[in-house]
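**Q** Here you go, one structure.
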Amino acid sequence: MKVSKNIIIKMVLTSLWFLTYGKIAYAAPDPPVPLLPYITTPENVGDTALALQIILLLTILSLAPSILILLTSFTRTIIILSFVRNGMGTQQVPPTQVLIGLALFITVFIMAPVLSEINDQAFQPYIQQEIDISEAFNRAQVPLRNFMFKQTREKDLALFVYHAKLENPVNSLDDIPTYVLIPAFIISELKTAFQMGFVIFIPFLVIDMIVSSTLMSMGMLMLPPIMISLPFKILLFVMVDGWNLVINSILTGFR
């Protein structure tokens with residue numbers, strides 16, 4: 001069937017029109033710029049200070065887990081409890097959630113005097129508007145710094161003091177900045193936790209060696225020693241009241 005030239009010309013012109021003017025006619029409008037009516041220019045210095053205080057508070061809340069883990073007894077406690085579980089070879093018993101919960105409550109128990117002192121000297125006066133937030137922050141550092149100084153080794157503290165290259169000579173503990181004290185406290189806690197973990201591993205290692213030697217002497221090389229030693233390690237741990245000894249060692253280390 002033949003198509004007339006007029007129809008073809010009309011179709012071509014219509015296509016050209018849609019290609020040129022159709023984009024302009026049917027193009028999506030530009031997205032409107034969102035307006036923020038609640039963000040306004042501060043009228044005085046007090047409004048700016050309040051905004052900065054809110055930002056500081058949100059920053060502290062976001063860093064709260066790190067503060068709990070690194071500036072308290074939680075680090076040493078959870079590492080020691082993990083050594084106990086790995087030494088017994090019980091895999092996921094007790095579960096990780098149980099160990100973290102136990103370490104958390106032990107941390108609250110150990111840090112209770114420090115938290116009470118911070119509440120009496122810093123938090124309550126700030127709530128009652130007796131001091132400003134900067135003074136409250138300075139007062140809150142004192143009990144926490146005293147706690148960290150008691151658990152920090154002089155060698156670790158001297159390491160960070162040396163690399164900090166402080167301009168003023170350090171004549172007393174008050175001259176040591178908090179940013180120098182915190183990493184020294186952390187590596188001291190790690191060293192103490194690993195020392196206690198080594199002592200915890202010794203009796204379990206002895207049981208593994210005895211069981212392995214016994215199986216080799218009996219020619220039972222295909223039997224995994226862990227299957228035989230695990231009940232004996234659990235029995236030993238229960239007979240000596242292992243959880244009581246471990247927790248008592250942790251609490252004694254912070255007194």
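**Q** Applying the Karplus parametrisation 6.51 cos²θ - 1.76 cosθ + 1.60 with θ = phi - 60° to the phi angles of the stretch 174-182, what ³J(HN,Hα) value in whole Hz is obtained for each residue in order, glycine and proline being reported as x?
**A** 5, 7, 7, x, 5, 5, 8, 5, 4
**Q** Name the shape class, rounded, prolate or oblate, that the alpha-carbon gyration tensor gives for the stretch 76-130, where a ≥ b ≥ c are the square roots of its eigenvalues, rounded holds for a/c under 1.5, and otherwise prolate holds if a/b is larger than b/c and oblate otherwise.
**A** Values: a/c = 6.17, a/b = 3.84, b/c = 1.61.
The shape class here is prolate.
**Q** Counting only other residues whose beta carbon sits under 9 Å from that of Pro125, what net charge do I get with K and R as +1, D and E as -1?
**A** On the way: positive: Arg139; negative: Asp120, Glu130, Glu135.
Net charge in that neighbourhood comes out at -2.
**Q** Tally Lys and Arg at +1 and Asp and Glu at -1 over the other residues with C-beta under 14 Å from the C-beta of Thr107: what net charge comes out? Let's see the in-between values first.
**A** On the way: positive: Arg76; negative: Glu189.
Spelling it out: positives minus negatives among the neighbours equals 0.
**Q** Something else: Under a 1.4 Å probe, what is the accessible area of the stretch 55-212 per residue, stated in Å²?
**A** Values: 9580 Å² over 158 residues.
With the other protein chains kept in place, the stretch 55-212 gives 61 Å² per residue.
**Q** Once phi is turned into ³J(HN,Hα) by the Karplus curve 6.51 cos²θ - 1.76 cosθ + 1.60 with θ = phi - 60°, what whole-Hz value does each residue of the stretch 82-87 show in order, with x for glycine and proline?
**A** Each residue of the stretch 82-87 in turn: 5, 4, 4, 5, 5, x Hz.
**Q** Across bins of 10 angstrom width beginning at 0, how are the C-alpha pair distances of the stretch 103-255 distributed, in whole percent?
**A** Per 10 Å bin, starting at 0, the Cα pair percentages come out as 9, 24, 24, 18, 12, 8, 3, 1.
**Q** Please report, largest first and rounded to whole Å, the three semi-axes of the ellipsoid equivalent to the stretch 152-212, where each semi-axis is the square root of five times an eigenvalue of the C-alpha gyration tensor.
**A** Numbers: eigenvalues 301, 14, 12 Å².
Taking √(5λ) for each Cα gyration eigenvalue gives 39, 8, 8 Å.
The values are calculated or read from the model by the stated rules, or taken from the named source; none is laboratory data. The structure displayed is predicted, hence computed values, not measured ones. Cβ sites come from the backbone with ideal geometry, for glycine too, and all protein chains shown count toward neighbours. Heavy atoms of the whole protein, side chains included, go into the accessibility calculation; ligands, DNA and RNA do not. Shrake-Rupley method; radii C 1.70, N 1.55, O 1.52, S 1.80 Å.
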